[in-house]
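**Student:** The following block contains the structure, expressed as structure tokens.
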């Protein structure tokens, strides 16, 4: 089923599932990377640095997703839609 071919309610549910799946995947990646850095004894400093860098990226992804879900970016998106609607209304007159 294509997201574009469904009604808005189904489209919203599909996007929420996709965002939930991305959040869970990033959370599992963070847990796995923390485990590797803390409990694996055979890693050299270079490998730990690379894993820590990836860990920082996944934590950044989680932060961005959390901010979007709590409204920091969503409010900005709503503002952009309001401005777009105002411009469309002004152009019609």
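**Student:** Give the residues of segment 1-33 that are at pLDDT 70 or above and in contact with a helix residue (DSSP H, G or I) (Cβ under 8 Å, 6 or more places away or on another chain), sorted by residue number.
**Tutor:** Passing the criteria: 19, 22, 23, 26, 27, 29, 30, 33.
**Student:** Here's another thing I want to ask about it. Residue 73 - would you say it is at pLDDT below 75 and under 28 Å from residue 33 (Cα atoms)? Please lay out each step first, then the result.
**Tutor:** On the way: at pLDDT below 75: yes; under 28 Å from residue 33 (Cα atoms): yes.
Considered against the rule, which asks whether it is at pLDDT below 75 and under 28 Å from residue 33 (Cα atoms), residue 73 comes out as yes.
**Student:** Another one. Has segment 34-43 got at least one residue that is modelled with pLDDT of 80 or more, more than 16 Å from the chain's Cα centre (by Cα), exposed (fewer than 11 other Cβ atoms within 10 Å of the Cβ) and not in a helix (DSSP H, G or I)?
**Tutor:** Going residue by residue through segment 34-43, those that are modelled with pLDDT of 80 or more are 34-43.
The next check asks that each one be more than 16 Å from the chain's Cα centre (by Cα); those that pass are 34-43.
Narrowing further to those that are exposed (fewer than 11 other Cβ atoms within 10 Å of the Cβ): 35, 38-39, 41-42.
Right, trim to not in a helix (DSSP H, G or I) and you get 41-42.
Scanning segment 34-43, I find at least one residue that is modelled with pLDDT of 80 or more, more than 16 Å from the chain's Cα centre (by Cα), exposed (fewer than 11 other Cβ atoms within 10 Å of the Cβ) and not in a helix (DSSP H, G or I), so the answer is yes.
The values are calculated or read from the model by the stated rules, or taken from the named source; none is laboratory data. Keep in mind that what you see is a predicted model, and the values were worked out from it rather than measured. Reconstructed Cβ throughout: ideal geometry from the backbone, glycine too, with neighbour counts over all protein chains shown.
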